[in-house]
Amino acid sequence: MLILLLFFTFLSGVVTILAPCIWPLLPIILSASASGGHRKPLGIVTGIAVSFTFFTLSLSYILKIIPFDPDNLRLFGVVIIAFLGLVLVIPALGKRMEGLVSRLSSFGGRFLGQSGTGFGSGFITGFALGIVWSPCAGPILATVATLAATQAVNAAVVLVTVAFVAGVAVPLYVFALVGQKLLTKTRALSPYTARIQQVFGVIMILAALAIYTGYDRTLQTKLLDTFPSYGSFLNQFEKNETVKQELENLQNPKQETSLMAEAKKTLRNMQASLENQGPAPEFVGISTWLNTEGNRPLSLASLRGKVVLVDFWTYSCINCIRTLPYVTSWYDKYKDDGFVVVGIHTPEFEFEKKTANVENAIRQYKIHYPVAQDNDFATWRAYRNQYWPAHYLIDAEGNIRERHFGEGNYEETEKAIQSLLKEAGVKDVERTLTQESKEASGRGLTPETYLGSARSERFLSPEPVGIGEQTFSLPASLTRHSFAFDGKWSVGRERVVAGTPAALNLHFNARKVFLVMSPAPGKTTSRMSVFLDGEKIGAESAGKDVQAGMLTLDSERLYELVNLPGDASLEGILRLEFETPGTAAYAFTFGG
């Protein structure tokens, strides 16, 4: 069945030519193809394929041997692209490069472009593009990336990667070849070849800047926000059930039965009893246990005979926080009937690894069941989990009987708990089901918004230039769902840190607005002023953490800034003015 997976992987690569993530490469490929020999398009595509495949599969191994910041590799690729664009813009520099390439050609033979074919210079351009390209990660590529990151690469993973890259290479080569023919063979354009090359050089430089600053991702996000069904269309090949099952087998080659296949049976067979999906993995790699007797470790083996709900969560995730009232309610209602909840706290941010912060969250959300700190994602990987929150319901024999990802489905989950308790021999487990909140459904809400450079989206220009301390000026207006810095900020990969002065502005569409923040180092508290639509926020619209228009930070956690009344418009402009330098902000989340 690997052949079938490779076929769909190849098709997925071909379809990538239609995806927004490939578009920043197209002007560079067209620009580079416009000059040079007839083999230059082949050199460009080969360079992309070689560098992307090599670094995707081997970077984790390289970092283990030679520790360095991977961002430096990306910067190297951007510099090469910008320099090659500069070569096209400045003819004198181009002549010098031609002389250098000519000397290298005589030394390196055909590979570097002998007889003016341009393969070598094209390969250099393509190799740089392969370093900076971040393809759209559907299930296939996400599986490859996960296996590479955990250093579990084997022959099958290599073949899948090569199949994907081959699929990408075919339409890219056609695009580069046709573009070269049009630009070099068309009579109407031939008198202006030199000018066209200079224009393309500028395009290459601008594209390199967009990739460096992350603005290419902003444009992609805006497109997908405008046309949400477009992203779903691009992943149709990867949603095939056979592909999903083969990806499952790729991650677990020694497992004879696929949990994906069992899950598929569960959906297909609408039986009264819950389908057995196989033995649940044991808890592994847990750094700390909380809420157990003496904080001693638990195991699924020790819980045999009980019905267990394994809940993957993290305390700054708003989606997880919304599920906690239901999970804690189930535990309180059924704990005396042989029901146990085990919360697997798997951190999204570095500060969430701190035990003291998790303990504060346990107190805040009145969690009385055991919580395990899975700081190294060991149990997360054992369950092959990919979501916050995720619920795995395990029967008294230790088998997974139901799994659910994200919010919702609360009544069905509670009914499943009752059913499994009855199956275990418990009588009279009927209880009034916990009613689901009737809040707004959340359609059209502003998406979760990260502020750090690694995952920043919907940032309104001017954007941060890389990472480090920078000064920003507020744009004249904010578009919907966008945010902007004002004043001095230190931009990091995970977070941003306020300087003096510093303000954060957000155009949101939601009833509730939350922000993950931490106080300044060495300060017991940090303060900021909260404004809504240009005025100090009033008590009727303020979140529970805001008093008299002021917010005081006391720990690293999620803060509720806005809670609009039922008759208010969901749309607004939020401004936070930071009074304490060193205050850090991580991500906005929203509620209906």
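The values are calculated or read from the model by the stated rules, or taken from the named source; none is laboratory data. Since the model is a prediction, treat every value here as computed from it, not as a measurement. Ideal geometry is used to build each Cβ from the backbone, glycine not excepted, and the neighbour counts take in all protein chains shown. The area values use the complete protein model at the heavy-atom level, side chains included, leaving out ligands, DNA and RNA. Shrake-Rupley method; radii C 1.70, N 1.55, O 1.52, S 1.80 Å.
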Computed label-point distance, nm, for sites Lys415 and Ile90 using a 7 Å Cα→Cβ extension: 7.2
Equivalent ellipsoid, segment 364-418 (semi-axes from 5 times Cα gyration tensor eigenvalues, Å): 19, 16, 13
Cα-Cα separations in segment 272-387 greater than 18 Å, expressed as whole percent: 50
Projected label distance in nm at Leu4 and Glu448, using a 7 Å step from Cα toward the beta-carbon: 3.3
Sequence ranges 154-161, 474-481, ranked by mean other-Cβ count within 10 angstrom, highest first: 154-161, 474-481
For peptides 39-46, 332-339, sequence by mean Cβ density within 10 Å, most packed first: 39-46, 332-339
Cross-link pairs Lys353/Lys523; Lys354/Lys544; Lys353/Lys536 - those with Cα-Cα distance over 30 Å: Lys353/Lys536
Relative contact order computed over segment 470-592 (Cα-Cα under 8 Å; 6+ residues apart), in percent: 34
Whole-angstrom gap from segment 395-418 to segment 328-383, using each part's C-alpha centre: 17
Accessible area per residue, Å², segment 526-592 with all protein chains present, probe 1.4 Å: 39
